[in-house]
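Here the structure comes first, spelled out in structure tokens, and everything after it is commentary.
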Amino acid sequence: MTHGSPDPNPNRGAADRDQRIADATGAGMDGVAEWEARYASAEQVWSGLPNTALVAEVVGLTPGRALDVGCGEGADAVWLAGHGWDVTALDVSQVALERATRHARDAEIEVRWMRSTLVGAPVQAGTFDLVSALYPALQRTPTNAAEGVLMAAVAPGGVLLVVHHADVDSEQAKAHGFDPADYVSPADVAALLGQDWQVELDERRPRDTTTGAGAHHTHDVVLRARRLR
């Protein structure tokens, strides 16, 4: 897909954030069959541990409402809820959400699970103190729909955390049917952050994960931004 020009003024207040979320709804569950097949191919796909970037960037924040985008098997959502956050976690895979639900039940933790794409999820604009999108498979669109929903969901004073793998070999990925250029990156989100945002962190850092899918990636790109108003 082509990547359209950024909105020259993406921060126009609560009413505009509500409208952008409304305009983004109705999207189909693209790629669901592929994700269901991936999760069904193994008893556990990911490590089962909270992401180290999430822990590092969130541990000092005051708990509030959190949205976990692409929650997978639930390790991050359960960790957040266990540290006092009121968590809404969404994913397109029913298999993943069933595992996440079991993880939360075993930990005696409550999480609000939602089967949905981000673009189309019934989330209220401007209400989350933390919006976390770690390695999300969000497709680029000419209207920057996914980026718009991520940003719109953050409450004034809240934090947006976007993490993706660094140094992805595009040709190798294409050989496996995946073109990284088709998906939203932290840089795409950063390019849309206007004067209502403060970028607190935008860096490439080592990734120390030895188990689960993706363990071969050695570095991440981490974007943390705070909505000022």
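Bear in mind that the values in this text are calculations on the coordinates, not laboratory data. Please read all numbers here as calculations on a predicted model, not as lab measurements. Virtual Cβ from ideal backbone geometry, glycine too; neighbours counted across all protein chains shown.
Results, tabulated for the structure shown:
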{"quantity": "Extension reserve of the GLU108-LEU201 stretch, reckoned as 0.36 nm per residue once the Cα distance is removed", "calculated": "30.2 nm"}
{"quantity": "Charge context of VAL69, other residues only, Cβ under 11 angstrom, K/R +1, D/E -1", "calculated": "-3"}
{"quantity": "Net charge of neighbours whose Cβ lies under 15 Å from the Cβ of TRP85, counting Lys and Arg as +1 and Asp and Glu as -1", "calculated": "-4"}
